[in-house]
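Q: One structure coming up, written as structure tokens, with questions to follow.
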Amino acid sequence: MLNGQEENDAILVQRLVAGENIALDIIMKRYQEPLFFFVLRYVHDEDVAYDLVQETFFRVYTRAEKYNPEYKFSTWLYQIALNLCRDFGRKQTLRKFFSLSDQSDGTKAKAEMVHDARIEESYDTEVEIDKLHEEIARLPHKLKAALILYTLEEKSQATCGEILGISQKAVETRVYRARKVLEQKMAGR
């Protein structure tokens, strides 16, 4: 059963299909920020995240007639974004594989190092967080998607399952496996 927000979303999509482009503006205002942060957590690049969110809304616009109002609109929207993130990741992997130059896009030059104990402590923490983000980025898509949706986006297992097209138990298993992989990788560093 759909609640008021979801019914409203379904009506907006119907209006979009009927040619009312203002409905897309309303959908974008409602979902742009949370969708952006979800995509950003997946790709770790603001410019790319912005582009992928725009592509997501473009696909909503061009494929609105394919939306099934029996299901949550937000689930459909996040599935589109997740597929775009996965495709982007595949393209990045291929680019790195075929690249002749050694690109170290994961490393960032640190500006000035001030020799203060507190700053050095925060630097260590920042380095650990950067390493964790690198390891999350290296996770297989299935594990990474479940981990980001459940842990970082704080979506319920049921919602994660709907977005990923798997059972709640499978979400639980994938999040557990992702955490175990990350623990092993971080312990080995």
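Q: Being of a type outside the set (Phe, Trp, Tyr), at pLDDT 90 or above and open to solvent by 30 Å² or more (accessible area, probe 1.4 Å) is the filter here; which residues of region 75-102 pass it?
A: Those that are of a type outside the set (Phe, Trp, Tyr), at pLDDT 90 or above and open to solvent by 30 Å² or more (accessible area, probe 1.4 Å): 79, 83.
Q: Of everything in region 132-151 that's open to solvent by 60 Å² or more (accessible area, probe 1.4 Å), in a helix (DSSP H, G or I) and closer than 24 Å to residue 91 by Cα, which residue is modelled with the highest pLDDT?
A: This residue is 142.
Q: Does residue 56 satisfy the criteria of being β-branched (Val, Ile, Thr), free of Cβ contacts under 8 Å to residues at least 40 places away in the same chain and surrounded by 14 or more Cβ atoms within 10 Å (Cβ to Cβ)?
A: Criteria met by residue 56.
Q: Would you pick out the residues in region 16-50 that are of a type in the set (D, E, K, R), part of a helix (DSSP H, G or I) and over 21 Å from residue 138 (Cα atoms)?
A: Within region 16-50, 25, 29, 30, 33 qualify.
The values are calculated or read from the model by the stated rules, or taken from the named source; none is laboratory data. On a predicted model such as this, the values are computed, not experimentally measured, just so you know. Please note: Cβ atoms are built from the backbone with ideal geometry, for glycine as well, and neighbour counts cover all protein chains shown. Calculation scope for accessible area: heavy atoms of the full protein, side chains included, ligands and nucleic acids excluded. Shrake-Rupley method; radii C 1.70, N 1.55, O 1.52, S 1.80 Å.
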